[in-house]
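All remarks here apply to the structure that follows.
The values are calculated or read from the model by the stated rules, or taken from the named source; none is laboratory data. All values reported here derive from a predicted model rather than from experimental measurement. All Cβ positions, glycine included, derive from the backbone under ideal geometry; neighbour counts span all protein chains shown.
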């Protein structure tokens, strides 16, 4: 494999993909960029490199990002095989070991015709309104993720750390008869939610969501993000929501057309 690339553009893509790499050194990355920690994975389409020799390579993510960050060259050539990788520029040259690409775990592709669609701008707002309330550690009434509930025209995200609860609802479109999640608990890990948010750029872009029994797939214009779901059932939050409110207090917030629900006293 051999490619010629703009250093800063590839650095940005590698940093984005590296969010799916485990803290310990697991198989990492390099014209599609992939990374996974076996629970969370991303397949990112990289548009900046010029492929001079097709191929595949597995490279240490942390080392590659460090080289791209520290190099003083504007453009670099990356040449790799199953044993080593050489990164060269006009003024710098780096070498690091490689691994057999056949050992890299597969990351699913988004090929399901049944899914829900939601705009990136709406989804970003929903993530920011809920992910802050996720728990750091999972307990009986706290979850380290955000529960997704889908119907034909809406998506609802809910998060709680047992002391606070955040809930938001927004528009979505079911495609191909994608099933609703009534009676099911699809809890997407906080780390996956953060990676998804980092891939939302154009507010008008349509994001596809496919919820399955034990996993979820998100498809953006450039990336496919895969994640295992958090095990367990989400607390019955609807039981603690007030059925009616004796008093309502209007608060001035940035207009967005969204509906949020908070517990009394929050």
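Tabulated values for the structure
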read-out	value
Selection status of residue 178, within 30 Å of residue 33 (Cα to Cα), at pLDDT below 95 and over 15 Å from the mean Cα position of the chain (by Cα)	yes
Residue in the stretch 120-131 that is in a strand (DSSP E or B) and assigned by TED's automatic domain parsing to the domain that holds residue 220 present	no
Residue 91, sole failed condition from (1) outside any helix (DSSP H, G or I); (2) farther than 21 Å from residue 223 by Cβ; (3) in contact with a strand residue (DSSP E or B) (Cβ under 8 Å, 6 or more places away or on another chain)	(3)
Residue match in the stretch 166-174 (condition: in contact with a strand residue (DSSP E or B) (Cβ under 6 Å, 6 or more places away or on another chain), surrounded by fewer than 20 Cβ atoms within 10 Å (Cβ to Cβ) and under 25 Å from residue 43 (Cβ atoms))	yes
